[in-house]
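S.K.: Below is a structure I'd like to ask you about.
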Amino acid sequence: MTGDGGAGGGTAEQARDAALRLLTHRARSRHELTTRLTDKGFTPSVTASVLDRLTELGLVDDRDFAHQWVRSRHTYSGRGKQALRNELRTKGIDPAVAAEALETIDPEDERDRARELVVKKLRSPSVRATASTDRDKVLRSLVGMLARRGFSQGMAFEVAKSELEAVGADTDGLEN
């Protein structure tokens, strides 16, 4: 089915096959599947019945999806809680379910992830060179990078300042 479902919108079997194909790539929220099936021309009643059945089978579970999404995006993409909250909202996850999933990120884990991102950025020779001459510029850049990834401004500033000071101690004698 490629969006030309016509007035009938396609059969439940076609909608199920389309939904299963989408789920082979990655887990998806019910909202995402509804949107994609609607875009393919399936009627709301066919879409709802197919997604109800997939939910019964455990193949569509917004709670499980939210937990997987948070764990994966925090660990591998370095996203902070605010960015993850926004991503879950766009995926149609209920705010209570999103909050539950976000609670699985320990504040210290979030701080450690922010620290890893800053340390990685500070390994760049151009950033290290700029850090030795214009620390404020680098500090603003690091805080901005963390803020764009969804870390709170307070945490971003604290982590960036701390790691920049640590680098300063390492680089003070290297420029002779």
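S.K.: Among the candidates ARG21, ARG79, which residue alone is open to solvent by 40 Å² or more (accessible area, probe 1.4 Å) and in a helix (DSSP H, G or I)? If you could, list the steps in order and put the result at the bottom.
M.R.: Values: ARG79 fails: in a helix (DSSP H, G or I).
None of the other options fit; the residue is ARG21.
S.K.: Look at VAL60 and say whether it is surrounded by 13 or more Cβ atoms within 10 Å (Cβ to Cβ) and part of a loop (DSSP other than H, G, I, E, B).
M.R.: Numbers: surrounded by 13 or more Cβ atoms within 10 Å (Cβ to Cβ): yes; part of a loop (DSSP other than H, G, I, E, B): yes.
Judged against the criteria, VAL60 is a match.
S.K.: Which residues, counting only those in the range 104-119, are of a type in the set (Lys, Arg) and in contact with a His (Cβ under 7 Å, 6 or more places away or on another chain)?
M.R.: Restricting attention to the range 104-119, the residues satisfying the condition of being of a type in the set (Lys, Arg) are 111, 113, 115.
Within the range 104-119, just ARG113 meets the criteria.
S.K.: While we're on this one: Restricting the search to the range 112-138, which residues are loosely packed, with under 15 Cβ neighbours inside 10 Å, part of a helix (DSSP H, G or I) and not hydroxyl-bearing (Ser, Thr, Tyr)?
M.R.: Those that are loosely packed, with under 15 Cβ neighbours inside 10 Å, part of a helix (DSSP H, G or I) and not hydroxyl-bearing (Ser, Thr, Tyr): ASP112, GLU116, VAL119, LYS120, PRO125, ALA129, ASP136, LYS137.
S.K.: For the range 28-42, give me each residue that is in contact with a Leu (Cβ under 9 Å, 6 or more places away or on another chain) and either more than 22 Å from PRO95 (Cα to Cα) or not hydroxyl-bearing (Ser, Thr, Tyr) (or both). Quick ask: steps written out before the conclusion?
M.R.: Just the residues of the range 28-42 that are in contact with a Leu (Cβ under 9 Å, 6 or more places away or on another chain), to begin with: 28-30, 32-34, 36-37.
Those that are in contact with a Leu (Cβ under 9 Å, 6 or more places away or on another chain) and either more than 22 Å from PRO95 (Cα to Cα) or not hydroxyl-bearing (Ser, Thr, Tyr) (or both): ARG28, ARG30, GLU32, LEU33, ARG36, LEU37.
S.K.: I've got another one for you. Here are ARG85, ARG71: which of them is in a helix (DSSP H, G or I), surrounded by fewer than 17 Cβ atoms within 10 Å (Cβ to Cβ), at pLDDT 95 or above and among the charged types (D, E, K, R)? Quick ask: steps written out before the conclusion?
M.R.: Values: ARG85 fails: surrounded by fewer than 17 Cβ atoms within 10 Å (Cβ to Cβ).
Result of the check over ARG85, ARG71: ARG71.
S.K.: Which condition does PHE65 not pass, out of (1) open to solvent by less than 20 Å² (accessible area, probe 1.4 Å); (2) farther than 11 Å from SER29 by Cα; (3) assigned to a helix (DSSP H, G or I), if it passes all the others?
M.R.: Condition (2) is where PHE65 drops out.
S.K.: Here's something else I'd like to know. All but one of (1) more than 30 Å from GLU32 (Cβ to Cβ); (2) in contact with a Ser or Thr (Cβ under 7 Å, 6 or more places away or on another chain) hold for GLU158; state the number of the condition that does not hold.
M.R.: (2)
The values are calculated or read from the model by the stated rules, or taken from the named source; none is laboratory data. Since the model is a prediction, treat every value here as computed from it, not as a measurement. For neighbour counting, all protein chains shown are included, and Cβ atoms are generated from backbone atoms with ideal geometry for every residue, glycine included. Note: accessible area is taken over every heavy atom of the protein model, side chains too, but ligands, DNA and RNA are not part of it. Shrake-Rupley method; radii C 1.70, N 1.55, O 1.52, S 1.80 Å.
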